[in-house]
Amino acid sequence: MDYYEIASEAINTLRVNKLRTSLAVLGIVIGIGSVIALVSLGQASQKAIESQIQSLGSNLLTISPSAQRSGGVQGAPGSSTTLTNADAESIANSDQITVIKTVSPEYSGRSQITTSQANSNTNVIGSTPAYMEVHKIEIATGSFISETDLKAMSKVAVIGPTTAATLFGEGVDPIGQTVRINGNVFTIIGLTVSKGGTGFQNQDDVLYVPLTTAQKQLFGKSHLTSIAITATSEDAMTQAQNEVGYLLLERHKLNDPSEADFSIFSQQDILNTASSVTGTFTTLLSGVAAISLLVGGIGIMNIMLVTVTERTREIGLRKALGAKKKDIITQFLVESVILTFSGGAFGILLGIGASYLYSVITHSAFVISPTSIILAFVVSATIGVIFGWYPARQAANLQPIEALRYE
Amino acid sequence: MKKPIIELNNVSKVYQTDTITTIALENISFTVNKGEFVAIMGPSGSGKSTLMHILGALDLPSSGQYFLDGELVEKLTDDELSDIRNRKIGFIFQAFNLLPRTPAIKNVMLPMAYAAHDKKESEKKAKQYLEMVGLGHRLYHTTNQLSGGQQQRVAIARGIAMNPALLLADEPTGNIASSQADEIMSIFQKLHREGHTIIMITHEPDIAHHAQRIIHIKDGRLYKDETNLKPTQAKAKLQQDI
């Protein structure tokens, strides 16, 4: 019997019991649908994180002070004041440093920024002109903080687009406007181009002021919260990390790297951590979806067993007319594969629909990987074969006399 | 001398459960030559169904030999038996046993499909056989749209589709009205005239009388083997439009 014939016979049989067929398929639809949706969701968030981190620069290293150990008491991470302007200067000027291009000392803290109409709790970053290059900041209008501003401790600020919109309203040119931070009046001299990102990670909700102004006038501190540096190339990242590490250990008079009162991490480190977190989530959710797929497969097997019992006479007749075991097995396997395959197709549509809806609601990227679709098809067909096999064998092993006698 | 189509040598069939041994057939021997129309008669419980299963290669004898068209049917695998049934035997069952919700022509094509015959060729033959049993106008009617007599005629067309050595009919008129039974007998007699070998199992003497030879079975033994010199002639004329 040719496969076309077998398939059209199978479809006819399945059509007769529409309700039963669709209920049997539902398990597979939900299983495949959730796998597709969850995988695409995971990939979308992965992509979002990657692009956000990449936008910060791929050869960026960040040095931050780490918790200081003193007499067995460990402070909160980042709480110490061990990084100084002198550290940054020595990184920039030392002979030991060979593969570092730019050094950007930074002091950042959250502050309440007010205008006469509005206010915003925003990340205020004390920066030097190097900040712009290191963090790939682009200026939309006006200019960034200059050496002159730094030396003169000017009360000028460069504003992020989100903050500008909050304080002055959408589409209003902020240049020349003034804001108040902790009682000081700052004049806006520049507006940055949007970098994207949402929520806590929003890189557009920010206000840049000269580092000297931030340290002395705003926060009254002399240390740095971080030093960002760029390596000359991506390949030199490890070397840069080592050079800076040893220099700082030496400067801080520490012998053992395990006692370091600072930590250096690259964008790649952050990316890896974030990826492994989303990866774990995706795996976990896919596991749950796989279980529902398994349950769906058992549903298919159940229906196929019922079908075999119902059609005992037909199977007997077919064997009497010359059907071999192989013919009967093929017939029932084709039926169960058609069941799971159509379930898979509907499941893919459902999954794509669900993830599209998610992306619209959350304004996130809509990613569907062809691999997951191909995989879904392969998996659903395989489930058909696996769970159809036992019922099909039961059918093929029926003795024709018994089967013909069966009422 | 040419080989007989059916040759049974001391065929017995014994069913054994833990405690009870039932002898369904005991030392049955007879031969059927090509072109004969034989009725096997017996009351229910006489073992004629068991005999039909053995003749149809649906079951194997416990002892004795059964030659079907020169081939010894003995310890064969399921698949080998399927193959023999497919090539050598055309079945006609009491309950018709057509595929439900399937067009008549597909039913007739089924044995040819299992023999992997060319589809176009099978379709042509199926059409021809259905015309022969007077159903040329019902080719694409599904099983449930046909009367009992019409269904049995589809089954006959299916039975002769592989041009088998033997047509084996089990109570072919048992489930249909007597007026239509006459039509079935008329087709059998026509096939007989054309040279087909037919064995028909029945418990109705009237029906058995259409055959040339009547074998009586009683309590699992061959009780009488008579030649019917004046078979009843079925009068029904096959009409194309019923």
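The values are calculated or read from the model by the stated rules, or taken from the named source; none is laboratory data. Being a predicted model, the structure only gives us computed values, none of them experimental. When we count neighbours, we look across all protein chains shown, and the Cβ atoms used for this are built from the backbone with ideal geometry, even at glycine. Surface accessibility is based on the protein's heavy atoms, side chains included, excluding ligands, DNA and RNA. Shrake-Rupley method; radii C 1.70, N 1.55, O 1.52, S 1.80 Å.
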If you check B:32, B:11, which single one turns out to be under 14 Å from the mean Cα position of the chain (by Cα), closer than 22 Å to residue B:226 by Cα and away from chain A (no Cβ under 14 Å)? B:32
All but one of (1) away from every other protein chain (no Cβ under 14 Å); (2) under 30 Å from residue B:92 (Cα atoms) hold for residue A:282; which doesn't? (2)
Find the residue count for the stretch B:81-97, including only residues that are open to solvent by 50 Å² or more (accessible area, probe 1.4 Å) and more than 9 Å from chain A (Cβ to nearest Cβ). 1
Residue B:122 passes all but one of the listed conditions (1) open to solvent by 20 Å² or more (accessible area, probe 1.4 Å); (2) modelled with pLDDT of 90 or more; (3) over 23 Å from residue B:184 (Cα atoms); the exception is number (1)
Which of the numbered conditions does residue A:41 fail, given that it passes all the others? Conditions: (1) modelled with pLDDT of 85 or more; (2) buried (at least 19 other Cβ atoms within 10 Å of the Cβ). (1)
Residue list for the stretch A:1-18, filter: more than 8 Å from chain B (Cβ to nearest Cβ) and closer than 15 Å to residue B:123 by Cβ: A:4, A:8
What single numbered condition from (1) surrounded by fewer than 20 Cβ atoms within 10 Å (Cβ to Cβ); (2) within 11 Å of chain B (Cβ to nearest Cβ); (3) in contact with a helix residue (DSSP H, G or I) (Cβ under 6 Å, 6 or more places away or on another chain) fails to hold for residue A:312? (2)
Suppose we filter the stretch A:105-147 for residues that are buried (at least 19 other Cβ atoms within 10 Å of the Cβ) and part of a helix (DSSP H, G or I); how many remain? 4
Of B:211, B:155, the only residue that is within 14 Å of chain A (Cβ to nearest Cβ) and either part of a loop (DSSP other than H, G, I, E, B) or under 19 Å from residue B:95 (Cα atoms) (or both) is B:155
Within the bounds of the stretch A:281-301, is there any residue that is under 30 Å from residue B:158 (Cβ atoms) and either open to solvent by 30 Å² or more (accessible area, probe 1.4 Å) or modelled with pLDDT under 80 (or both)? no
Checked against (1) β-branched (Val, Ile, Thr); (2) in a helix (DSSP H, G or I); (3) under 28 Å from the mean Cα position of the chain (by Cα), residue A:229 satisfies every condition except (2)
Residue A:270 fails exactly one of the following numbered conditions: (1) assigned to a helix (DSSP H, G or I); (2) open to solvent by less than 40 Å² (accessible area, probe 1.4 Å); (3) of a type in the set (Val, Ile, Thr). What is the number of that condition? (2)
When both residues are 6+ apart or on different chains and their Cβ atoms are under 8 Å apart, which pairs have a first residue that lies in the stretch A:310-331 and is in the same structural domain as residue A:389 (by TED's automatic domain parsing) and of a type in the set (Asp, Glu), and a second that is open to solvent by 10 Å² or more (accessible area, probe 1.4 Å) and outside any helix (DSSP H, G or I)? A:314/B:100; A:327/A:1
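Return the total of residues in the stretch B:172-202 being on the phi > 0 side of the Ramachandran plot and free of Cβ contacts under 8 Å to residues at least 40 places away in the same chain.
Total meeting the criteria: 0.
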If you take the residues in the stretch A:317-333 that are within 14 Å of chain B (Cβ to nearest Cβ) and among the aliphatic types (A, V, I, L, M), which one is surrounded by the fewest Cβ atoms within 10 Å (Cβ to Cβ)? A:329
Do you know which of the residues in the stretch B:98-108 that are at the interface with another protein chain (Cβ under 9 Å from one of its Cβ atoms) and under 19 Å from the mean Cα position of the chain (by Cα) is modelled with the highest pLDDT? B:98
Hits in the stretch B:58-80 - residues which are buried (at least 22 other Cβ atoms within 10 Å of the Cβ) and within 9 Å of another protein chain (Cβ to nearest Cβ): B:58
